[in-house]
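The values are calculated or read from the model by the stated rules, or taken from the named source; none is laboratory data. Worth saying up front: this structure is predicted, and the values here are computed from it rather than measured. Ideal geometry is used to build each Cβ from the backbone, glycine not excepted, and the neighbour counts take in all protein chains shown. The protein model used for the area step is the full one, side chains on, heavy atoms only, and it has no ligands, DNA or RNA in it. Shrake-Rupley method; radii C 1.70, N 1.55, O 1.52, S 1.80 Å.
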Amino acid sequence: MTYRAPVRDLAFSLTLAGIDDLAATGAFPDYDADVRDAVLEAAGQFSEGVLAPLNRPGDLAGAKYANGAVTAAPGFADAYHQFAAGGWTGLAAPGSAGGQGLPKALELAAYETVHSANMAFGLCPMLSLAAIEAIEAHGTKHQKTAYLPRMVSGEWTGAMCLTEPHAGTDLGALTSTATPNGDGTYSLTGQKIFITWGDHDATDNIVHMVLARLPDAPAGPKGISLFLANKFLVNADGSLGDRNSFRPVGIEHKLGIHASPTCVMAYEGATAELVGRPNEGLAHMFVMMNAARVGVGVEGVAIAERAYQAALAYALERRQGRSVWTGEASAPIFDHPDVRRTLSVMKARIEAARAICLSTGVAADMARHAENEDLGRHWKGREDILTPIAKAWSTDAGVEIASLGVQVHGGMGFIEETGAAQYYRDARIAPIYEGANGIQAMDLVGRKLSQDAGASARAIIVEMKTTLAELAGLYSGKPVERFATAISAVEDATLWLLDRKADPDGAADVLAGADAYLRLMGDVIGGWMLARGALAAKARLQTGDGDPVWLQGKMDLYEVYAANILGHASSRLAAVGQGGDLLSRMTREALGAA
């Protein structure tokens, strides 16, 4: 099935996310609507023409490991060289490192087309972007000079190396060590697993960002430092020297993303450099992790979009039964109400998730370029609240929408040749990547919600109520009532969690409601985005600005979302308040363990 980049939808979502307000700050003098459109068109063309044709063959062939080295799937190395030559790694990177200095949200929108076309490919540059942010934030002058230009240009790629076989998500339990060599470098020893694109043949060098412990480090997460280790040592003149002492010892055999090499890496006295301050590596790595989390959220949107496009095309082609609207016999299954409902819900959820992710990118840039401390605090709080929602809610949506794509295909969806099954397989990793979604929910209620006593969440609720008042001029009845009920549910859940968080005995209640709260927030913020989209579409219809059918579709999508998603807010609220005591009674015996 041919992929078509949704350039018009992406541009519309960028506007909803507030990119015009960001541009008005003057922080991005090279950005305007013409640049936006040119970037999205070019990204779409590259993704459609170069990356999408490699998706199915890459899934079938996969990456290969032999003799201590990884070879990318056929065609991937050449595609990466074209990607780097096009400057796609440098869209939002600083001009000082050779980047284009464009807004993060525009980069996220462009990368959605990359992930839709070929999610396994997109993981490689996505992690490079995250490594670039970490080095820019915490690297030494030497590191910024030596590594950033090569990474921004795409000449070298980056990899994030956190997880160890015995530790998993508990990074405080990692045992990799870094011993001073006496010359400012360190000797890095240990094993890391699940290292995405940790080795490959698409570039001459790979920059590994590795968490490890110094010899005198305290136990637990407070004793972790961040190190940089190159696949090949870099000489003083910037040329590549000897191979460093680390190698892949295998690649994982996975459910999906077969063309993305997930490596087991062994470091055996590898030469490394300290990044940032000793024993503060976890905080430094969070710069990279948060960037990757929003990127993975975009992956969820992207794979959902790809699955949706395939399902829509199939529904328009497959004929079966009589149309309830036209009476046509042997009509396209698109004319069956349940199929059309399914497709409409898929489309509405995609647009909601897309707007959430792009809004997170706008908030990040607003925080970085705020003209005063109060504005910076406001936007940083917004970014902090939205990041776990963008990651978790969007990737859950990706899996669910890919599953619905299989369902629309019926039996043919279970057959690999249609592609629907691959999208489902590929989508399943995203809720696990970069901190499983349960951890995102715990982060939201455990840290992000209460770090400013709920001020950031309350600010979002106030803005949603403003949109609700405006919506009453566009709709009447259920579309408005459902949004009002949903906002009330978010407000009640927020206040209850803040109250339980303040109670020394409330920790179990807070964590028991974490997943439901994140889902509720995602549902309602997504509805808010679509409501704003409906209002914007109505305004453009009134002025004759744009395709009236497409604009009316934006208004109708909000109604679909209100009926099918916002209507569940009450049940989400009930789950938030289920309490830890109930779960404490669900013992292993109660759950049927032997």
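Just one of the listed residues (394, 488) is under 15 Å from the mean Cα position of the chain (by Cα), in a helix (DSSP H, G or I) and of a type in the set (S, T, N, Q), namely 394. Cβ separations smaller than 6 Å between residues 6+ apart or across chains give the following pairs from region 30-45 residues that are closer than 16 Å to residue 83 by Cβ to residues that are not aliphatic (A, V, I, L, M): 43/113; 44/113. The set of residues in region 282-299 being open to solvent by 40 Å² or more (accessible area, probe 1.4 Å) and closer than 15 Å to residue 172 by Cβ consists of 283, 286. Selection of region 491-506 for residues being open to solvent by less than 60 Å² (accessible area, probe 1.4 Å), part of a helix (DSSP H, G or I) and not charged (D, E, K, R) yields 493, 494, 497, 498.
Residues considered: 343, 312. Of these, the only one that is under 29 Å from residue 437 (Cα atoms), open to solvent by less than 10 Å² (accessible area, probe 1.4 Å) and out of contact with any Pro (no Cβ under 9 Å at 6 or more places or on another chain) is 343. Just so you know, in region 364-397 the residues that are open to solvent by less than 30 Å² (accessible area, probe 1.4 Å) and without any contact (Cβ under 8 Å) to a residue 24 or more places away in the chain include one that is nearest to residue 436 (Cα to Cα), and it is 367. Right, residue 279: open to solvent by 60 Å² or more (accessible area, probe 1.4 Å) and farther than 21 Å from residue 410 by Cβ or not? Criteria not met by residue 279. Would you check if there is a residue in region 409-418 being assigned to a loop (DSSP other than H, G, I, E, B), open to solvent by 20 Å² or more (accessible area, probe 1.4 Å) and in contact with a strand residue (DSSP E or B) (Cβ under 9 Å, 6 or more places away or on another chain)? Checked against the condition, which is being assigned to a loop (DSSP other than H, G, I, E, B), open to solvent by 20 Å² or more (accessible area, probe 1.4 Å) and in contact with a strand residue (DSSP E or B) (Cβ under 9 Å, 6 or more places away or on another chain), region 409-418 yields no hits at all. Annotation note: of 196, 169, 203, 185, the sole residue that is out of contact with any Phe, Trp or Tyr (no Cβ under 9 Å at 6 or more places or on another chain), surrounded by 14 or more Cβ atoms within 10 Å (Cβ to Cβ) and of a type in the set (Ser, Thr, Tyr) is 185. If you go through region 294-322 and pick out every residue that is small (Gly, Ala, Ser), in a helix (DSSP H, G or I) and more than 21 Å from the chain's Cα centre (by Cα), you end up with 4. The lone criterion from (1) modelled with pLDDT of 95 or more; (2) under 19 Å from the mean Cα position of the chain (by Cα) left unmet by residue 433 is number (1). Put simply, of 120, 93, 84 the only residue that is more than 25 Å from residue 12 (Cα to Cα) and either open to solvent by less than 10 Å² (accessible area, probe 1.4 Å) or assigned to a loop (DSSP other than H, G, I, E, B) (or both) is 120. Screening region 57-68 for residues that are out of contact with any Pro (no Cβ under 8 Å at 6 or more places or on another chain) and open to solvent by 70 Å² or more (accessible area, probe 1.4 Å) and picking the one that is modelled with the lowest pLDDT gives 67.
Applying the set (1) open to solvent by 40 Å² or more (accessible area, probe 1.4 Å); (2) farther than 29 Å from residue 261 by Cβ; (3) in a helix (DSSP H, G or I) to residue 11 leaves exactly one unmet item: (1).
For region 251-280, taking the residues that are of a type outside the set (S, T, N, Q) and touching a helix residue (DSSP H, G or I) at 6+ places or on another chain (Cβ under 7 Å), the one that is farthest from residue 300 (Cα to Cα) is identified as 273. Does residue 426 satisfy the criteria of being surrounded by 20 or more Cβ atoms within 10 Å (Cβ to Cβ), more than 23 Å from residue 282 (Cβ to Cβ), at pLDDT 95 or above and over 15 Å from the mean Cα position of the chain (by Cα)? It is false that residue 426 is surrounded by 20 or more Cβ atoms within 10 Å (Cβ to Cβ), more than 23 Å from residue 282 (Cβ to Cβ), at pLDDT 95 or above and over 15 Å from the mean Cα position of the chain (by Cα).
On the stretch given as region 432-461, residues that are open to solvent by 10 Å² or more (accessible area, probe 1.4 Å) and not in a helix (DSSP H, G or I) total 9.
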